[in-house]
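The values are calculated or read from the model by the stated rules, or taken from the named source; none is laboratory data. Just so it is clear, the structure is predicted and the values come from calculations on it, not from any experiment. Cβ placement follows ideal geometry from the backbone for every residue including glycine, while neighbour counts extend to all protein chains displayed. Each accessible area value is taken on the protein alone, full model and side chains, heavy atoms only, with ligands, DNA and RNA left out. Shrake-Rupley method; radii C 1.70, N 1.55, O 1.52, S 1.80 Å.
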Number of protein chains: 2
Amino acid sequence: MKLSDKKRVNILDAAEQLFFENGVEHTTMDQIAKAAQASKRTVYNHFTTKDALFEAIIIRMVEHLNQDDELRFSNEIAIDIQLTKIAQQEVSLLNSVHFLRIAKIAFMQMLQQPALAEDIASNQFGCMRYLESFLRQGVANNKLQIEDIEFAAKQFVYQLKSFVFYPVLFGFETPDSLPITKIIEQTVATFLSRYQAE
Amino acid sequence: MKLSDKKRVNILDAAEQLFFENGVEHTTMDQIAKAAQASKRTVYNHFTTKDALFEAIIIRMVEHLNQDDELRFSNEIAIDIQLTKIAQQEVSLLNSVHFLRIAKIAFMQMLQQPALAEDIASNQFGCMRYLESFLRQGVANNKLQIEDIEFAAKQFVYQLKSFVFYPVLFGFETPDSLPITKIIEQTVATFLSRYQAE
DNA sequence: CAAGAAGTAAACTATTAAGTTTACTTTTAA
DNA sequence: TTAAAAGTAAACTTAATAGTTTACTTCTTG
């Protein structure tokens, strides 16, 4: 790997860490240069402005988000098992260091500049990419009884987010402190008591 | 009302508006003075630092939050009616301009300085003040069947927040664009299908 | 109504941080 | 192996903005 590429990675790593810890506004380009073991001029050779650096970080983070495989509905496996599996994957995404970092950095900027919001919100992450079609198949196969599939999908994901994501994002909880198993169990149970076909 | 008091109010109003629109960091004391029709010196006579002004705004906002009356469990009224009433009050709090403003301003700071978080999080707002004891009475009166009351209360409130609060806070939705009635209906229905006593 | 409390505009200071320049050294690739 | 691409440290410019000072005016209250 060329020195130039190494420096680039160092700069991105250092900036990601510092932006996450202190916020974009409270991180100086001098700090980034120092933490990256690069000169300030090198930082500016790679990224013409602080904004460009911020953008590059968000892009890299989104790329690095390991999107778990889409789970396909199966008529052979009990619906609660399948929903539990989806919930587990979702929670592991929501609680990953990577996702929390993107979220914190992005939300900070978003709250100040709503223009950024749409950009980030339009991306579909995690199980929301496929949950609606999963549920549709559950209904088609008489395992579920749902009138408004879009709404039901939101209920499911929002319930997980409310318990495992926002409290950590805002610093009220740490990922370790959460009763993950119980949260998943109860989310699935609540969802099914409402939507399981008789 | 004395001129001095008027100026104080003007300054708080102007700062609240500007902090909300642009964030605390992107609001200058000169802007605040101008918007408040006061001299900068007057601003500093009332509030010794920008931080002190910020704090005063948060305190005033919290005071102004009209906390609806605590709803007491009644064995005479159907449980779904009672939960709907609670949900309605909660949604009107979560969607009030006042609450959204506090939330946006406070969360912005919170995401940057987790120390602030505890302070704000420790306050119990809305129906969370009494929902657990409400549910406990529902259980005692055989209207509800709940094992973990604390958890169930969170499920109820989180579901409302997920639909009516976070999307507005982050700018994905406006309060008017939400199908409030449906959200309340469905939240209550889901909660009861899980927890209503047979 | 007079003293002092509080208001005003505007210039000033000090600090912070983004981005540039300079003079020089190290990597890299034809 | 050598030219150019990229690195370096450190001093510099520029702009923004928190907070102060000054010289003066207007409220307010005993």
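Observations, loosely collected:
- When the square roots of the Cα gyration tensor eigenvalues are ordered a ≥ b ≥ c, the ratio a/c for the protein assembly as shown is 1.5 or more and a/b does not exceed b/c, which makes its shape oblate.
- In the context of the full set of protein chains, the protein assembly as shown has a per residue accessible area of 50 Å² (1.4 Å probe).
- Rounded to two decimals, the Cα-based Rg/Rh of region A:3-63, with Kirkwood Rh, is 0.92.
- Overall form of region A:83-198 per C-alpha gyration tensor (a/c, 1.5; a/b vs b/c): oblate
- Counting from the shortest, the label point at A:LYS85, 7 Å from Cα toward Cβ, is 4.6 nm from the same position in each remaining copy.
- Pseudo-label separations to other copies for B:VAL62 - Cα-to-Cβ vector, 7 Å, nm: 3.7
- Across A:LYS34/B:LYS104; A:LYS40/B:LYS34; A:LYS50/B:LYS7; A:LYS40/B:LYS50; A:LYS104/A:LYS182; A:LYS85/B:LYS104, pairs whose alpha-carbon gap is larger than 27 Å: A:LYS34/B:LYS104; A:LYS40/B:LYS34; A:LYS50/B:LYS7; A:LYS40/B:LYS50; A:LYS85/B:LYS104
- Shielding by partners - mean other protein chain Cβ count within 10 Å, residues of A:105-112: 5
- Candidates per trypsin sites (Lys or Arg not before Pro) in region B:1-51, loop by DSSP, up to 13 other Cβ within 10 Å: B:LYS2
- Carbon + sulfur, % of accessible area of region B:6-60 - ligands and nucleic acids excluded, 1.4 Å: 50
- Angle between chain A longest axis and helix A:3-22 axis [Cα atoms, degrees, rounded to 10]: 60
- Legend: mean number of C-beta atoms from other chains within 10 angstrom of residue C-beta atoms, peptide B:132-140, equals 0.
- In sequence order, calculated HN-Hα J values of region B:24-36 (Karplus, 6.51, -1.76, 1.60; Hz; x Gly/Pro): 4, 5, 9, 10, 9, 5, 5, 4, 4, 4, 5, 5, 8
- Charge context of A:VAL24, other residues only, Cβ under 13 angstrom, K/R +1, D/E -1: -3
- Expected 222 nm ellipticity per residue - DSSP helices of 4 or more, -39500 (n - 2.57), all of the protein assembly as shown, to 500: -21500 deg cm²/dmol
- Contact-buried residues of region B:164-198, at a threshold of 30 Å² lost accessible area versus the chain by itself: B:TYR166, B:PHE170, B:PHE172, B:LYS182, B:GLN186, B:THR190, B:SER193, B:ARG194 (1.4 Å probe; DNA, RNA and ligands ignored).
- Förster-model FRET efficiency, 51 Å R0, A:LYS2 and B:VAL97, C-beta, rounded to 0.05: 0.40
- Amide H within-cut-off set for A:GLU173, under 5 Å, with H built and near neighbours excluded: A:VAL168
- Principal semi-axes in Å for chain B [√(5λ), Cα gyration tensor, largest first]: 40, 16, 15
- Across the accessible surface of region B:68-195, with the other protein chains kept in place and a 1.4 Å probe, carbon and sulfur atoms take up 47 percent.
- Accessible surface buried by the A/B pair amounts to about 3500 Å², both sides summed, 1.4 Å probe.
- Extension gain, A:LEU65-A:GLU21: 0.36 nm per intervening residue step, less the Cα-Cα distance, totals 13.9 nm.
- Each copy carries a label point for B:LYS34 at 7 Å from Cα along the beta-carbon vector; from one copy to the others these points are 3.5 nm apart, nearest first.
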